[in-house]
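Data first, discussion second: the structure below is written as C-alpha cells.
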Amino acid sequence: MTLPALEGARWVVRSTTDRLLRIATDFFAEQGFAVRESAFADTADEAGWIAVALEASGRGAAAHRRSRLASFLAGRRAESSRSDTPQVVIIATARRVSNGIAELVVYPHAAPESAPAIVETAAAPIAAALAAITSAAGAESAMLSHERLRSVPEDECPASDARARDVLGWR
C-alpha cells in the first residue's frame, strides 16, 4: 500500500537556530501538533543541527485510534498498532549557517504502518504550518531563501529519512 506524499520545506533566514525551532514549534502547535518528548537530544549534533520532533496531539488522538482500527481490520500485526507509535511525525531541525543566519528544515515522516487516510488527513495542517512559517519569515524580511521539499537529502540532517527512522525506532 502506497502512502500519500507529504512535503516539507527548507529556509535560510536571518535568525538564530533556537528562534527558528520555536517559531516552527509554535506554528505546528496551532495546527494540533505537540513536541514529542525525548525524540532528539537537547544539544547540537556533530554537524551543529538541533532538532525537535512533533506529533499529532489532542485533536489527533481520534485519528490515531481510527488508524489503529484500520490496521487491525487490515489484518496487520499487533505491534503495528501500538498506542505509543505516532502515525506522522514532523522533524524540525536548524543549524547556524553564519553569524546571524540559520537554516531551518522541516519534514514530515509517516510511520511504515500508517493508514493512508491518516497521512492524507495530516497533509493539510502540515501544509498550513509550513505556509505560516514562510509567511512569517517573509513578513520580517528575514528570509534569504526557501524551497519546498518532496524528500530530504540523505545527509547529516536530522530530518533525513534514515536519521528520523533511527531516532523514532521505525524500521
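Things worth noting here:
- Hey, ALA127 of a type in the set (Gly, Ala, Ser), at pLDDT 85 or above, out of contact with any Phe, Trp or Tyr (no Cβ under 9 Å at 6 or more places or on another chain) and open to solvent by 60 Å² or more (accessible area, probe 1.4 Å) or not: no
- Number of residues in the stretch 1-43 that are at pLDDT below 75 and either open to solvent by less than 60 Å² (accessible area, probe 1.4 Å) or in a strand (DSSP E or B) (or both) equals 4.
- Restricting GLU147, GLU156 to those that are farther than 18 Å from VAL89 by Cα, at pLDDT below 90 and not in a helix (DSSP H, G or I) reduces the list to GLU156.
- Of all residues in the stretch 138-163, those that are within 22 Å of ASN99 (Cα to Cα) have Cβ atoms under 7 Å from Cβ atoms of residues that are open to solvent by 90 Å² or more (accessible area, probe 1.4 Å) and at pLDDT 90 or above, 6 or more apart or on another chain, in ALA142/ARG14; LEU144/ARG14.
- If you check GLU147, GLU113 for being surrounded by 15 or more Cβ atoms within 10 Å (Cβ to Cβ) and charged (D, E, K, R), only one passes: GLU113.
The values are calculated or read from the model by the stated rules, or taken from the named source; none is laboratory data. Everything numeric here is computed off the predicted structure, so don't read it as measured data. When we count neighbours, we look across all protein chains shown, and the Cβ atoms used for this are built from the backbone with ideal geometry, even at glycine. Note: areas computed on protein heavy atoms with side chains; ligands, DNA, RNA excluded. Shrake-Rupley method; radii C 1.70, N 1.55, O 1.52, S 1.80 Å.
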